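Presented below is the structure to which this report refers.
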Amino acid sequence: MSCAAPLLLFDLDGTLIDSAPDLAGAANDLRAHHGLQPLPYADLRPMVGTGARGMVGVAFGVLPADERFVGLRDAFLARYAERLLDSTRVFEAMQPVLDRLDASGHRWGIVTNKAMRFAAPLVEGLGLASRAAVLIAGDSTPYAKPHPEPLLEAARRLGIAPSGCAYVGDDERDIVAGRAAGMRTLAAAWGYLGQGEPVTAWGADLVLSSPADLLNWLELA
């Protein structure tokens, strides 16, 4: 499947970067503080895309309506802030894709539900700040994905119609948001994927099995 070279917008966690080790570590740090044994990494990794709500949920079995939730969430985020870049890296297979995009003059940006106080230092620390044409965080607009507004805001800042963009993400909410924004949608099957419907059922325009598939789609391979 080829395309007319849309401007690419990427989700951050699980799509561009592998932040699961630090997020899972923060969750297990908090469990240890409460006298609990660590959970297996395999149990925590799929929930990274759901943010603090999902991580606290799987680590402590609480929902946002639980009276313990806010305190646990805030404690989790404080621990995460302390280890933000300890083990987080750009996915190894994504590095040559970004290099190829940059070399070809193909602009790209980042739209994430992660709050800017975490997203900005992460993007800066991983060397992506000077490369990304835009960074929209979870608190850059009044809405978060699956609402389309963060994606629409990215398009506005870049001066391009939403129909001229494609959004790449590893969570069903990314595909829902991209479709609602009128963008082409690409599902990143190497990401965290959550625990809901399989990636093939999300309704994306294309499921990418690896970052290299993106270059094939853009005819840049």
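Tabulated values for the structure
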| quantity | calculated |
| --- | --- |
| When residues of segment 110-133 are limited to those that are part of a helix (DSSP H, G or I), of a type in the set (Gly, Ala, Ser) and within 18 Å of Arg157 (Cβ to Cβ), the one least open to solvent (accessible area, probe 1.4 Å) | Ala119 |
| Which listed residue, of Phe10, Phe69, is closer than 23 Å to Asp139 by Cβ, touching a Gly at 6+ places or on another chain (Cβ under 9 Å) and buried (at least 22 other Cβ atoms within 10 Å of the Cβ) | Phe10 |
| Filter pass, Val56 being out of contact with any Cys (no Cβ under 7 Å at 6 or more places or on another chain), more than 30 Å from Ala161 (Cβ to Cβ) and modelled with pLDDT under 95 | no |
| Considering residues of segment 186-221 that are part of a strand (DSSP E or B) and closer than 20 Å to Val48 by Cβ only, the residue most open to solvent (accessible area, probe 1.4 Å) | Val207 |
| Any hit, segment 140-147, residues being assigned to a loop (DSSP other than H, G, I, E, B) and crowded, with 21+ Cβ neighbours inside 10 Å | yes |
| When residues of segment 173-185 are limited to those that are closer than 26 Å to Val58 by Cβ and among the charged types (D, E, K, R), the one surrounded by the most Cβ atoms within 10 Å (Cβ to Cβ) | Asp174 |
| Segment 21-66, residues that are crowded, with 18+ Cβ neighbours inside 10 Å and among the polar types (S, T, N, Q) | Asn28, Thr50 |
| Flag if Leu72 is at pLDDT below 95, farther than 24 Å from Asp11 by Cα and out of contact with any strand residue (DSSP E or B) (no Cβ under 6 Å at 6 or more places or on another chain) | no |
| Every residue from segment 72-104 that is open to solvent by less than 60 Å² (accessible area, probe 1.4 Å) and in a loop (DSSP other than H, G, I, E, B) | Arg83, Leu84, Ser87, Thr88, Phe91, Ser104 |
| Criterion violated by Arg68 - all others in (1) without any contact (Cβ under 8 Å) to a residue 24 or more places away in the chain; (2) within 23 Å of Pro211 (Cα to Cα) satisfied | (2) |
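The values are calculated or read from the model by the stated rules, or taken from the named source; none is laboratory data. This one's a predicted model, so the numbers in the text were calculated from it and none came from an experiment. Reconstructed Cβ throughout: ideal geometry from the backbone, glycine too, with neighbour counts over all protein chains shown. We work out accessible area using only protein heavy atoms, side chains counted, and drop any ligands, DNA or RNA first. Shrake-Rupley method; radii C 1.70, N 1.55, O 1.52, S 1.80 Å.
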